[in-house]
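See structure below.
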Amino acid sequence: MKRVKYMVCFFAAAALITAAAGKGTIVNNAETTTTQPVPPAELHLGRYELFSGIPSMYIGHFILLADGKYKVAFDTDENNYDVSGRYTYNKQTGTIEWISGMFKNNNWGGKLTKTAKGFHIQFNKATYGESNK
């Protein structure tokens, strides 16, 4: 009898997950959370922590400056920036286009989203930046 009960629970959970698929939600322990944040109208300037890999690990940080420039450091030292470049921001799509520098050379994208913790820039499948401000 226990085996039947567990199978019923499994299929009920599978049905909830299937029903939520494609709607931008994840069902987890009967709680629903949004997975597709709305792009912010204004670009969040300042420091972003840089992560890459699967699983992700910290590789440095970058700063988006107001004059359309960015700078990158591969350590925690605030005065040791290795690379810099230029960018533009499209507020309709919430994307950053890298015009020059390391991010452009690596053909990285720049999808900006606002999350519950702050701001998130997705460069590619395994590389992203996060700002908690």
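Readers should treat all values here as calculations from the given coordinates under stated rules, not as data from a laboratory. Owing to the predicted nature of the structure, the values given are computational and were not obtained by experimental measurement.
Close amide H partners of Gly101, meaning residues 5 or more places away or on another chain with modelled amide H under 5 Å apart, are Arg86. The HN-Hα couplings worked out from phi for the stretch 82-91 by the Karplus form 6.51 cos²θ - 1.76 cosθ + 1.60 (θ = phi - 60°) are 7, 9, 9, x, 10, 8, 10, 10, 9, 6 Hz, whole numbers, x standing for Gly and Pro.
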